[in-house]
Amino acid sequence: MTDGARLATQPGVRPREAATHCPYCALQCGMVLRETAGRVEVTPRDFPTNRGGLCQKGWTAADLLDHPDRLTTPLLRDRPGGELRPASWDAALDRVAGGLRAIQERHGRDAVAVFGGGGLTNEKAYALGKFARVALGTRHIDYNGRWCMSSAAAAGMRAFGVDRGLPFPLADLGRADTLLLVGANPAETMPPLMRHLADQRARGGRLIVVDPRLTATARQADLHLQPLPGTDLAVANALLHIALTEGWIDRAYVADRTTGFDEVRRTVAGCWPAEAERLSGVPVADLEATAWALATVDRAVILTARGAEQHAKGVDTVTAFINLALALGLPGRPGSGYGCLTGQGNGQGGREHGQKADQLPGYRRIDDPAAREHVATVWGVDPAVLPGPGVPAYQLLDSLGTTHGPRALLVFGSNPVVSAPRAARVESRLRDLDLLVVADFLRSETADLADVVLPVAQWAEEDGTMTNLEGRVLRRRALREPPPGVRTDLAVLAALAARLDAPGAFPADPAAVFEELRRASAGGPADYAGVSWDRIDADTGVFWPCPDEDGPDTPHLFAHRFPTPDGRARFRAVTHRPAAEPVCADYPLHLTTGRVLAHYQSGAQTRRVAALRRAAPGAFVELHPDLAGRLGVAEGEEVRVVSRRGELRAPARLSPAIRPDTVFAPFHWPGAARANSVTNDAVDPVSGMPEFKICAVRVERA
């Protein structure tokens, strides 16, 4: 442990240095913060995930700590349409508690909803779920991670009996003879991960990338498959068809460790590669080369990410790639397997401990009587008072302010005005609320609509834990106290719980919250009972499940059995179906969305960092030169991208990296350039994931 880490863990000692982790993506790169004369510097540290590297977002992360836009006092809106004005904490909290109480007395417990975020610490995610179920008694809680990991999570649960993004350490990628990346662009979304891919290439390994765009990652691949957005499922089934035809199935593994293969075999027997080529545009020769590269090596890894998952059939698409991995005998084999690249900073831990509509801490189901009994005992309440399952994020947001929907919403760590699909409709729903409360450290586009804005601490001003994309529980360590007038999210929840006379305890101390989380998660699929802050500090984190503080953690899952009732993984037959919204004469093109290197999520943070604004000053629409020629559009000319739900305006960027039938727009900008004004709100029936990655549009000169 560094001296800074020791200082950070000693009560009453103000650290000048703290060993912590980046506030952005799920790679959770290790870094050291040093404060000298009020100036905070960031330096990378040699942590297993980033190995001494940082991307430009990590290097500039401290720029927001003293940013002039920082919120340092609560804001209140006295009347609809009025301006937000500074107020005292007592006035703001009284307004929130009084408003919540009045709305619930008039409309019932479920008239209040809570919306969380995948960047909240484990402690805050846990406390938010507890606050919703115990202090508010509402079933309506969900979070923006529903738009990140939900399809892969649902597919993993039904195949493996557990949802952990990577069931092996990240370093295993460097040992793979073949690595298949589906809908992932880590060169821009998490650049330090590319060090592991460089190891893989140095060993002579093959990298194959499936993406509709020739991304920075795809340019480094040995083979790039460029399918039409929304056709990844057809590609996966065709790969399994080829493996079956060529006799590459690991029949001993299938017989000993899985169930359900016969139905899958019958289904994919009709998934001819030529038909997949017709649907996706991927040549049969490339499909055959990919299947051969996966099936004829000792170690192979298949990874999916948002490009394959953010569809109305995202669960089935991930399932198809899991089927392929199981048929080849990859999961549980050293240096091999299936995994998912989690996106948000605590996208893994944030969904394990109670923010999701259907879950209790430890990844327990809220409709399981035994789970309710266990968690209620830890919380000191009767299981009967806990509400039942709520509804997924988009369904929740779309119901706000309606006759039978919630009349009040509390938002922690999210900016749905920019990040939600069909964003103009969501913005309208937020305006229809009787009470909107936003806790944030910057005034986001969602905070601009709020009746009450509560200024809360940033990542470098609070202790806690995060769980990265490997399932490794990490320590976030505070460098300094929050500015005067700013409180932590835990302190806000504790103060509101007290005003609402909530049963049980709501500590503001993150260490106390984590100790309670350990007890609540004990025995669940995501078991943190054996994880302590001291144990994390003594090493480079702890992999869950870890049920015993004196026992081992679990870097590798599935070595001997799967956490299903019979110990076997489950195949599930799935078939391709078209996108929810087909192209037509009025909307003849496909739009897909994604991230750029310099920005993150809704951009509320990164758009305020000068160096990142210089690197990516504004939105754009990427068009193939052939398409631009047909439309008469020149480089840099403003275009309108129009769908059935709305439009976005941004300059054209001409690039042969995109398919001629597809356009691309990043989703980090608000206003006229808001990509989610256009995206489709059709959702996956299992996961609730919206179809962010494909919709029908037309492009016009503005």
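Descriptive notes on the structure:
- In segment 582-631, the residue that is most open to solvent (accessible area, probe 1.4 Å) out of those that are over 28 Å from Asn144 (Cβ atoms) and charged (D, E, K, R) is Arg630.
- Residue match in segment 676-688 (condition: in a helix (DSSP H, G or I) and either among the β-branched types (Val, Ile, Thr) or buried (at least 22 other Cβ atoms within 10 Å of the Cβ) (or both)): yes
- Answer residue from segment 392-409, given it is open to solvent by less than 40 Å² (accessible area, probe 1.4 Å) and hydroxyl-bearing (Ser, Thr, Tyr) and is nearest to Ala371 (Cα to Cα) among those: Tyr394
- Hey, Arg79 part of a loop (DSSP other than H, G, I, E, B), charged (D, E, K, R) and either more than 32 Å from the chain's Cα centre (by Cα) or farther than 27 Å from Asp142 by Cα (or both) or not: yes
- Residue within segment 186-206 that is buried (at least 20 other Cβ atoms within 10 Å of the Cβ), hydrophobic (A, V, I, L, M, F, W, C) and in contact with a strand residue (DSSP E or B) (Cβ under 6 Å, 6 or more places away or on another chain) present: no
- Check on Val417, under 24 Å from Arg519 (Cα atoms) and either assigned to a helix (DSSP H, G or I) or open to solvent by 10 Å² or more (accessible area, probe 1.4 Å) (or both): no
- The residues of segment 488-510 that are open to solvent by 20 Å² or more (accessible area, probe 1.4 Å) and more than 16 Å from Val134 (Cβ to Cβ), listed by number, are Thr488, Ala491, Asp509, Pro510.
- Options Arg77, Arg158, Arg133: the member that is within 24 Å of Ala498 (Cα to Cα), of a type in the set (Lys, Arg), in contact (Cβ under 8 Å) with a residue 12 or more places away in the chain and out of contact with any Pro (no Cβ under 8 Å at 6 or more places or on another chain): Arg77
- When the residues of segment 53-85 are filtered to those that are among the small types (Gly, Ala, Ser) and in contact with a Cys (Cβ under 9 Å, 6 or more places away or on another chain), the one that is farthest from Val486 (Cα to Cα) is Gly53.
- Taken together, the criteria exclude Val513 from residues that are in contact with a strand residue (DSSP E or B) (Cβ under 9 Å, 6 or more places away or on another chain), part of a loop (DSSP other than H, G, I, E, B) and crowded, with 17+ Cβ neighbours inside 10 Å.
- Subset of segment 210-232 that is acidic (Asp, Glu) and within 21 Å of the chain's Cα centre (by Cα) - its residue that is nearest to Thr189 (Cα to Cα): Asp211
- Scan of segment 523-578 for residues that are open to solvent by less than 30 Å² (accessible area, probe 1.4 Å), part of a loop (DSSP other than H, G, I, E, B), touching a residue at least 24 places away in the same chain (Cβ under 8 Å) and over 30 Å from Ala327 (Cα atoms), ordered by number: Tyr528, Val531, Gly541
- Unique residue being under 25 Å from Pro229 (Cβ atoms) and of a type outside the set (Ser, Thr, Tyr) when the list is Arg570, Arg607, Arg630: Arg630
- Here Leu409, Leu490, Leu469, Leu496 are screened, and the one residue that is among the hydrophobic types (A, V, I, L, M, F, W, C), assigned to a loop (DSSP other than H, G, I, E, B) and in contact (Cβ under 8 Å) with a residue 40 or more places away in the chain is Leu469.
- On the stretch given as segment 118-164, residues that are among the aliphatic types (A, V, I, L, M), under 17 Å from Leu469 (Cα atoms), in a helix (DSSP H, G or I) and open to solvent by less than 10 Å² (accessible area, probe 1.4 Å) total 4.
- The C-beta contact set for segment 376-393 (first residue at pLDDT 95 or above, second residue open to solvent by 30 Å² or more (accessible area, probe 1.4 Å) and among the basic types (Lys, Arg), distance under 8 angstrom, 6+ apart or interchain) comprises Val378/Arg519; Pro383/Arg372; Leu386/Arg372; Pro387/Arg109; Pro387/Arg139; Gly388/Arg139; Pro389/Arg139; Gly390/Arg139.
- Taken over segment 306-327, the criterion of being in a loop (DSSP other than H, G, I, E, B) and open to solvent by less than 10 Å² (accessible area, probe 1.4 Å) is satisfied by His311, Lys313.
- Counting the residues of segment 168-185 that are under 26 Å from Ala234 (Cβ atoms) and open to solvent by 10 Å² or more (accessible area, probe 1.4 Å) gives 3.
- The set of residues in segment 85-116 that are closer than 30 Å to Pro392 by Cβ, outside any helix (DSSP H, G or I) and open to solvent by 10 Å² or more (accessible area, probe 1.4 Å) contains only Gly108.
For (1) within 30 Å of Pro484 (Cβ to Cβ); (2) among the hydrophobic types (A, V, I, L, M, F, W, C), each residue gets a yes or a no:
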residue: Asp358; (1), (2): no, no
residue: Tyr363; (1), (2): no, no
residue: Pro369; (1), (2): no, no
residue: Leu400; (1), (2): no, yes
residue: His404; (1), (2): no, no
residue: Asn415; (1), (2): yes, no
residue: Val452; (1), (2): yes, yes
residue: Val456; (1), (2): yes, yes
residue: Gly471; (1), (2): no, no
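- Search result, residues across segment 373-391 that are part of a helix (DSSP H, G or I) and either open to solvent by 60 Å² or more (accessible area, probe 1.4 Å) or touching a helix residue (DSSP H, G or I) at 6+ places or on another chain (Cβ under 7 Å) (or both): Glu373, Val375, Ala376, Thr377, Val378, Trp379, Pro383, Ala384, Val385
- Only one of the numbered conditions (1) surrounded by fewer than 24 Cβ atoms within 10 Å (Cβ to Cβ); (2) out of contact with any helix residue (DSSP H, G or I) (no Cβ under 6 Å at 6 or more places or on another chain) is violated by Thr60, and that is (2).
The values are calculated or read from the model by the stated rules, or taken from the named source; none is laboratory data. Values in this document were obtained by computation on a predicted structure and should not be read as measured data. Positions of Cβ are backbone-derived with ideal geometry, glycine not excepted, and every protein chain shown enters the neighbour counts. Remember, those area values only see protein heavy atoms, side chains included, never the ligands or the DNA or RNA. Shrake-Rupley method; radii C 1.70, N 1.55, O 1.52, S 1.80 Å.
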